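Everything below concerns the one structure shown next.
Throughout, read-outs are computed from the coordinates displayed, never taken from laboratory work. Predicted, not measured: the structure shown is a model, and the values here were computed from it. Methodologically, a virtual Cβ is constructed for each residue, glycine included, from the backbone with ideal geometry; neighbour enumeration extends over all protein chains shown.
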Amino acid sequence: MNQREQELESVRMLGLKLATDPRWVNIAEKTIEEILIDHAFCEQKAATTCIALIVKNPEREKLVEQVSPIVSEEWAHFRAVLGEMKKRGIKLGPARKDNYVVQLMNIQRKGGSREEQLVERLLTSAMIEARSCERFRLLSLHCSDEYLRNFYHEFMVSEAGHYTLFINLAYEYADKEYVKKRWQEFLEAEAEIMKNLEQRGDRFH
């Protein structure tokens, strides 16, 4: 299986409709300092998103039980990236706007029942984890820095687990056919976002 076939297989397993252009790794490597900074902010946002899910749904015992460990894990990831940045003399700097996430948020349906609102949040999180997993995989396979290949392999494994967990929680709290249909709509919309999003070497998404 050649490189392109491997990438398409990864996308198929995650359900993504559009693979990342493999040249993204080459672009990212040229500005790895910026990618690490952006990655740190992604992990920070992931932790706060999980906290918000718990705060807004304290009565949902299974959600609280399963999402709570992710808060710790995402914050540990944030600290791990900060540690890597410190070794390289890189500072975090001011927060950045993530156009990919902003556009994903626009996919979310407004209103509806509490269960439907929860599904929107869970599927958005699952989508971000799936795309992050795909990009971690690209870095783990094709980054010229061997240390970073191993570094990102661990993140890839973790994101795959988070993606699955968020999808399963959506099925837990809403009609399965509704969730299945809505997830397909998310996948189609995300592919359009990726098709039109500027390929930047200083952004993780």
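The label point for Asp21 and the one for Asn168, both projected 7 Å from the Cα toward the Cβ, are 3.7 nm apart.
Taking every alpha-carbon pair in the stretch 114-157 and binning the separations at 5 Å intervals from zero gives 5, 25, 21, 14, 11, 9, 8, 5, 2, 0 percent.
For the stretch 44-113, which GluC sites (Glu not before Pro) are both in a DSSP coil and crowded by at most 10 other Cβ atoms within 10 Å?
Values: sites: Glu59, Glu61, Glu65, Glu73, Glu74, Glu84; in loops: Glu59.
Listed in order of number, the matching sites are Glu59.
Here the extension length gained between Thr48 and Lys181 equals 45.1 nm, from 0.36 nm per residue of separation less the Cα-Cα distance. For the stretch 23-196, the convex hull spanned by the alpha carbon atoms encloses 116 Å³ per residue.
What does the charge dipole of the chain about its Cα centre add up to, to the nearest 20 debye, if the Cβ of each Lys and Arg holds +1 and the Cβ of each Asp and Glu holds -1? Can you show the working numbers first?
Working: 31 positive and 34 negative charges, 85 e Å.
The dipole of the chain has a size of about 400 debye.
The Rg/Rh ratio of the stretch 72-129, with both radii computed over alpha carbons and Rh defined as the Kirkwood radius, is 1.13. Mean Kyte-Doolittle hydropathy of 0.0 or higher plus an axial Cα length of 20 Å or more: which whole DSSP H helices in the chain meet both? The answer, listed by residue number, is 32-56.
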